1. Kirkwood hydrodynamic radius, computed over distinct alpha-carbon pairs, for the range 34-100: how many Å, to one decimal?
2. Two decimals is fine: what is log10 I(q)/I(0) at q = 0.14, 0.19, 0.24, 0.28 Å⁻¹ for the range 127-184, from a Debye sum with one equal scatterer on every Cα and no solvent?
3. Please find the FRET efficiency linking A168 to A77, where r is the Cβ-Cβ separation and R0 is fixed at 35 Å, and quote it to the nearest 0.05.
4. Compute the distance in nm between two label points, each set 7 Å from the Cα along the Cα-to-Cβ direction, one at V115 and one at R153.
5. Kindly write out, for the range 2-7 in residue order, the coupling ³J(HN,Hα) from the Karplus curve 6.51 cos²θ - 1.76 cosθ + 1.60 (θ = phi - 60°), rounded to whole Hz, with x marking Gly and Pro.
6. Tell me the Kirkwood hydrodynamic radius of the chain in angstroms, computed as one over the mean inverse distance between distinct C-alpha pairs.
7. Please give every one of the aspartates and glutamates within straight-line cross-link reach of K161, meaning a C-alpha to C-alpha distance under 18 Å, and leave out same-chain neighbours fewer than 8 residues apart.
8. Which of the pairs K6/K139; K7/K145; K15/K183; K26/K165; K143/K165; K15/K124 have their Cα atoms more than 19 Å apart in this structure?
Amino acid sequence: MINDLKKDGEQRMQKTLESLDLGFQKVRTGRAHPSILNGVMVPYYGSDVPLNQVANVGAEDSRTLLVQPFERTMVAAIDKAIRESDLGLNPITADAIRVPLPALTEETRRDMQKVARSEAENAKVALRNIRRDILGDVKALLKEKEISEDDDRRAGDEVQKMTDKFVAEVDSRLAAKEAELMKV
């Protein structure tokens, strides 16, 4: 029973790390990478769909993304969606859409670091919430006399070690992202 709770908690913590990676992808590092536009939603026949479902997104060079819509009629909608996203990008429209990424200044890099730290802190909060949930379930088992106090204490220590391992992983990923951001 306790092992099931720990496995479930570990899976949830792993998903938190995956979510952190997605959050880090949105933080620009000055190099063109198609994942920067992953969060852009485009109106398509009455509903919003992800950009990659209505266009091919690729890196033309190290500072420019190339967006090629599947339908010519979508060019204006995609252009508008990119401009209105909170990414601060100004696409150039022709048959295809070119999205030049401005060079990052020192101030912009610091702002991006703040965003990355915020993403990491949110991930740590999520990890702590998962730990709290698992420990609450273990306490409930103890209250129902399904496990002993020793099992409760042992499970608490193991869950704390697991949480510490994942928090250390968040810290290492944050350090790598900050180093990537500050590299010119």
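1. With all distinct Cα pairs of the range 34-100 included, I get 11.6 Å.
2. Debye intensities relative to I(0), on a log10 scale: -0.50, -0.69, -0.89, -1.04.
3. Numbers: r = 44 Å, r/R0 = 1.24.
Approximately 0.20, to the nearest 0.05.
4. 4.8
5. Result, ordered by residue: 5, 4, 4, 5, 5, 5 Hz.
6. 19.1
7. D4, D8, E10, D133, D137, D150, D151, D152, E169, D171
8. From K6/K139; K7/K145; K15/K183; K26/K165; K143/K165; K15/K124, over 19 Å: K7/K145; K15/K183; K26/K165; K143/K165.
Rule-based calculations on the coordinates, nothing more; no lab input. Model, not experiment: these values are computed from the prediction. Glycine also receives a Cβ, built like all others from the backbone with ideal geometry; neighbour counts cover every protein chain displayed.
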